[in-house]
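Take a look at the structure below.
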Amino acid sequence: MQDNKQAESALVIVLAETRAHEHTFELFKKNVLDNFQADLCLCVADNAREDTDNPFYRHARYIWRYPEPDDWGDAFDEAQRQLGFATDWRQLLTVKDQWLGGIQGEGQQPGSAGILLFFRWFLKDRLLATGLHTHYDRFIVTRSDFIHHIPHAPLELLDPEYIWIPFGEDYNGYTDRHIVASQKDILGVISITDAILSDPETLAAQMQPFTDWNLEKFIKFSFARQDLTSKVRRYPYTMYTVRSVDGHTRWSEGQFNQQLGYFVKYPNEYRRYLLAKLFIRDKGDWGTMKIHLLNALVSLTKLPELARTFKRKLRAATGDLTSLRSSRNAH
């Protein structure tokens, strides 16, 4: 890992929407923006839900907004026209199950994954148009509704030779909620939408043999297509996603926490935060060994479930053997 005598420049990018700012922004500013002396970029939808007077907007150095259409498929059409392609990308809606949510019409899928894919294309378009992909050493693509009680993992512990993704919320792929990439990798990381627009026939042929596609699986699949998988490294999940009482959502409603006063959207995510909090309270608590330890502990939390499964199978096998022996003895 390189020895950084001078702090790396960082751009933190909030994707798609600014949500739950009344609960999240102060901690986001303290433990992410101020932690890295980073600039803030909003790459978000232009819609009536967006409160442009919220602190994310007031602190943003760059604001890129895309007018929200009734059907996000129209945004894909416009992106394809801009790139000069004319292939039928909507054939990919036949590839199930919920990786293109937000696009209307035949084969419509639930959720908002399609919207998040579009915003990766829009972010790439804006970075290239402005040249900002060459202006910063690191890029952190994230969301606004994370509670950051714990300081973000220091960049000096996250080797820029690798792409860093929090360990958890993978759903058989890579979580889409947060990623840290270097200047040389950021365009590749957000290029996962390109094949949808440029070569949907090949993409459909490669995806059709498999089922139950979600955004996480598609990210991992796309990284493999771009030979990025070997560059992926994991660090502990230290934040958790929340929803305000009247907050908008296209997917998980979450569970209301009376003590906290908001909805915790993903219980497993919250449990990972609680585990991390036992070991990390401030920036000085971070270290390479802590990263390895917390990743290992998260893996170990799956062992009780595995043990119970093994015991059930052992009891079943023992019962079958006992029945067989009894049958033999009877004869």
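Pull out the extension gain between ARG271 and ARG61, defined as 0.36 nm times the separation in residues minus the alpha carbon to alpha carbon distance; nm, one decimal.
72.3 nm
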* Asked: Can you tell which of ILE140, THR229, TRP89 lies farthest toward the positive end of the dipole of the chain, using +1 and -1 charges on the Cβ of basic and acidic side chains (Lys, Arg; Asp, Glu)?
  -> THR229
* Remind me, relative contact order of the chain in percent, using alpha carbon pairs under 8 angstrom and six or more residues apart? -> 19
* Per residue, how much accessible area does segment 1-104 have with a 1.4 Å probe, in Å²? -> 48
* Structure fact -> Membrane-span-like helices (DSSP H runs, Cα span along own axis at least 27 Å, mean Kyte-Doolittle at least -1.0) in the chain -> 303-330
* To do: Give me the number: length gained by fully extending GLN108 to LYS283, i.e. 0.36 nm times residue separation minus the C-alpha to C-alpha distance, one decimal in nm.
  => 58.5 nm
* Asked: Taking Cα atoms of segment 138-265, Rg/Rh with Kirkwood Rh, to two decimals?
  -> 1.01
* Unit charges on C-beta of K, R, D, E only; dipole of the chain, Debye -> 1860
* Asked: How long is the gain from GLN259 to LEU157 if the chain were fully straight, where each residue apart is worth 0.36 nm and the alpha carbon distance is subtracted?
  -> 33.3 nm
* Kindly work out what percent of the DSSP beta bridges joining two residues of the chain are antiparallel, to the nearest 5. => 35
* To do: Past 28 Å, Cα to Cα, is the threshold; run LYS30/LYS265; LYS231/LYS290; LYS220/LYS283; LYS265/LYS290; LYS29/LYS220; LYS124/LYS290 against it and keep the listed order.
  => LYS220/LYS283; LYS29/LYS220; LYS124/LYS290
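How large a share of the accessible area of the chain, in percent, is made up of carbon and sulfur atoms when the probe is 1.4 Å and the other protein chains stay in place?
50
The values are calculated or read from the model by the stated rules, or taken from the named source; none is laboratory data. Model, not experiment: these values are computed from the prediction. So basically every Cβ, Gly included, is an ideal-geometry build from the backbone, and we count neighbours across all protein chains shown. Ligands, DNA and RNA are stripped out before the accessible areas are found, and what is left, the full protein with its side chains, is counted by its heavy atoms. Shrake-Rupley method; radii C 1.70, N 1.55, O 1.52, S 1.80 Å.
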